[in-house]
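Heads up: the structure comes next, in structure tokens.
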Amino acid sequence: MTKQDSVPMNDLKRLYQRYQVEIEREVTSTLRSGWWLNGAMGKKFAANFAGFIGVSDCVLVANGTDALELALAAAVGRKGARGREVITAANAGGYASCACWHNDLVPHYVDIDAASQLINVSSVLAAAKASSRASVPL
């Protein structure tokens with residue numbers, strides 16, 4: 001038996017080698033198009049991904065903050081939401097805060113669980129009130 005230093009659970013090199021031709025073709029095509037976002041390749045991916053997960057539409061975003069902004073806008077809505085609270089973790093609320101401010105919402109920071117470093121459910125429940133509109137437990 002040979003010694004192994006790690007368990008190859010997510011061996012990116014092995015996956016890359018398996019799909020190298022396809023990956024390089026698509027990356028090169030995208031780079032040559034000059035469109036990183038919202039170009040033909042993005043539209044093709046959005047349509048394919050929507051079909052893959054069984055929905056009619058897919059909106060591509062540049063990053064996670066954009067995704068949070070859209071999710072809050074969809075979940076909370078704009079009408080009558082201005083100044084309402086969104087509960088989020090004190091140790092990881094930066095992106096959620098930006099998404100709140102973009103939607104005229106106010107982040108309300110709550111404590112985390114010391115052991116897991118994740119949002120503390122008891123803190124969320126204690127902070128929730130009629131004016132709370134959402135919770136972003138990141």
**Prompt:** From the set of residues in segment 75-101 that are within 14 Å of the chain's Cα centre (by Cα) and at pLDDT below 90, which is nearest to Gln117 (Cα to Cα)?
**Reply:** Ala92
**Item:** Every residue from segment 63-107 that is surrounded by fewer than 18 Cβ atoms within 10 Å (Cβ to Cβ) and of a type in the set (S, T, N, Q)
**Value:** Asn63, Thr65, Asn91
**Fill in**
When (1) part of a helix (DSSP H, G or I); (2) on the phi > 0 side of the Ramachandran plot are applied to Asp104, the one that fails is (1)
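The values are calculated or read from the model by the stated rules, or taken from the named source; none is laboratory data. For clarity, every value in this text was computed on a predicted model and none was experimentally measured. Positions of Cβ are backbone-derived with ideal geometry, glycine not excepted, and every protein chain shown enters the neighbour counts.
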